[in-house]
Every structure is written in structure tokens, then in C-alpha cells.
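The values are calculated or read from the model by the stated rules, or taken from the named source; none is laboratory data. Since we're looking at a predicted model, the values are computed, not measured. Virtual Cβ from ideal backbone geometry, glycine too; neighbours counted across all protein chains shown. Accessible surface is based on the protein model in full, side chains and every heavy atom, while ligands, DNA and RNA are left aside. Shrake-Rupley method; radii C 1.70, N 1.55, O 1.52, S 1.80 Å.
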Amino acid sequence: YVGALLACAVLFFFMRNWRMPLLVIITIPLSLILTLLTFYLLGITINIISLSGLILGVGMIVDNSIIVIDSIVQKRNEGFPLCEAIPQGVNEVFTPMLSSVRTTCSVFIPLIFLSGTAGALFYDQAMGVTIALFASLLVATLVIPVYFYVLFRNRAEVHEVVSGRGFADKWIYLYYER
């Protein structure tokens with residue numbers, strides 16, 4: 001809970017409005033629900049080890065959503081209408097996000113095949129991270145675009161929201177430019 005709340009606080013601090021962080025915040029519980037449902041279907045119990053894998057995954061869950069939102073915003077700023085910007089933005093980043101998820105999982109998947117005590121300990125953690133990352137990818141590519149459209153249907157509102165920097169960004173850019 002604390003990790004998710006801190007992620008939400010950082011998002012609200014760095015983004016200019018409430019809609020963009022809301023989109024990212026939606027992905028945290030959805031990805032966790034999908035992950036826990038997959039745990040249930042695969043017979044993985046919720047214990048300290050599987051929860052540690054889930055906690056590792058929470059930080060990475062947010063990344064995919066931010067990438068998708070940023071890509072859609074970039075397409076909108078290039079002048080594409082919302083109905084074209086959303087699929088183009090998602091299509092542009094899907095392959096790199098899939099590659100990122102697969103490379104991260106490639107570190108954890110060999111832990112599934114360990115034997116003995118180490119295998120018993122690392123199996124749940126490796127499965128937790130792997131399942132959480134794929135659930136995050138699924139939510140970022142299927143759910144975020146729908147909610148983005150719902151929240152930003154009004155064209156004037158989208159340009160107003162995506163054109164400016166957030167409060168924290170202004171101070172960071174001022175310091176960086178100096």
C-alpha cells in the first residue's frame with residue numbers, strides 16, 4: 001500500500017493535472033488484480049516470497065503506463081486527432097515495452113528452474129515479477145488507451161493539459177538550464 005501511495009504522490013507532484021496521474025493510478029490495482037487472479041489459477045500461494053515479487057513488480061507496473069501515456073501525448077502534440085493518436089501512440093511503443101518486459105523476465109525466469117530450497121524460495125518471487133510485468137503490459141496497452149479517450153475527449157482540454165509542464169518540472173528545468 002505504501003509503495004502504491006508513494007507512486008501516486010510522485011505522479012501528482014510531477015504532473016500538471018489530475019487526469020494523467022489518475023490514468024497511471026488505475027493501472028496499479030488492475031495489474032495487481034490480474035496478477036493475483038493468475039496466482040490463483042496457477043496455484044501460487046500468497047506468502048512473503050511471492051509478495052516480495054509482487055512488490056518488485058509494482059514499481060515496474062507504473063512504467064508501462066507512463067510510456068503509453070507519453071507516447072499518446074506526443075502524437076497529440078504532433079497534431080494527430082485523438083482517435084488516431086491513441087492507436088498510433090500505443091503501436092509505436094508496444095514492441096519496445098514488450099522487449100523491456102521480456103528482458104526483465106529473462107533474469108527471473110531461470111530462477112523458476114532451480115531445485116532444492118533455493119528453487120522453492122525463488123519460484124514464487126520469479127513468478128510474481130513475471131506475471132506482474134505481463135499483466136502491466138496488458139493493462140497499459142488495452143485499458144489505458146480506453147481511459148485516455150474517455151478522459152480527454154474534449155479537444156481543447158487535451159491541448160491545455162498536455163502542453164504545459166508540472167509544478168515540479170518547472171523547478172527542475174529552471175535549475176537544469178542554469
Worksheet item: Do the conditions hold for Ile48, that is, is it under 25 Å from Cys8 (Cβ atoms) and surrounded by fewer than 13 Cβ atoms within 10 Å (Cβ to Cβ)?
Response: yes
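To keep it simple, each residue is scored yes or no on (1) modelled with pLDDT under 90; (2) out of contact with any strand residue (DSSP E or B) (no Cβ under 7 Å at 6 or more places or on another chain); (3) over 21 Å from Leu121 (Cβ atoms).
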position: Ile33; (1), (2), (3): no, yes, yes
position: Leu41; (1), (2), (3): no, yes, yes
position: Ile55; (1), (2), (3): yes, yes, no
position: Val68; (1), (2), (3): no, yes, yes
position: Gly79; (1), (2), (3): yes, yes, yes
position: Ile86; (1), (2), (3): no, yes, yes
position: Gly89; (1), (2), (3): no, yes, yes
position: Glu92; (1), (2), (3): no, yes, yes
position: Ser99; (1), (2), (3): no, yes, yes
Discussion item. Against the condition under 14 Å from Ile144 (Cα atoms) and open to solvent by less than 40 Å² (accessible area, probe 1.4 Å), how does Pro21 come out, does it pass?
Written reply: yes
Worksheet item: Residue check: is Ala7 over 29 Å from Ala118 (Cα atoms), touching a Lys or Arg at 6+ places or on another chain (Cβ under 6 Å) and surrounded by 13 or more Cβ atoms within 10 Å (Cβ to Cβ)?
Response: no
Worksheet item: Only one of (1) out of contact with any Asp or Glu (no Cβ under 6 Å at 6 or more places or on another chain); (2) of a type in the set (S, T, N, Q); (3) closer than 19 Å to Val139 by Cβ fails for Ser52. Which number is that?
Response: (3)
Worksheet entry | Within segment 51-80, tally of residues that are of a type in the set (Ser, Thr, Tyr), open to solvent by less than 30 Å² (accessible area, probe 1.4 Å) and touching a residue at least 40 places away in the same chain (Cβ under 8 Å) | 1
Worksheet item: Applying the selection to segment 106-140, what residues are more than 15 Å from Leu54 (Cα to Cα) and either of a type in the set (Asp, Glu) or touching a Phe, Trp or Tyr at 6+ places or on another chain (Cβ under 8 Å) (or both)?
Response: Leu111, Ile112, Leu114, Gly119
Fill in: Subset of segment 81-97 (residues that are open to solvent by less than 80 Å² (accessible area, probe 1.4 Å) and β-branched (Val, Ile, Thr))
Ile86, Val90, Val93
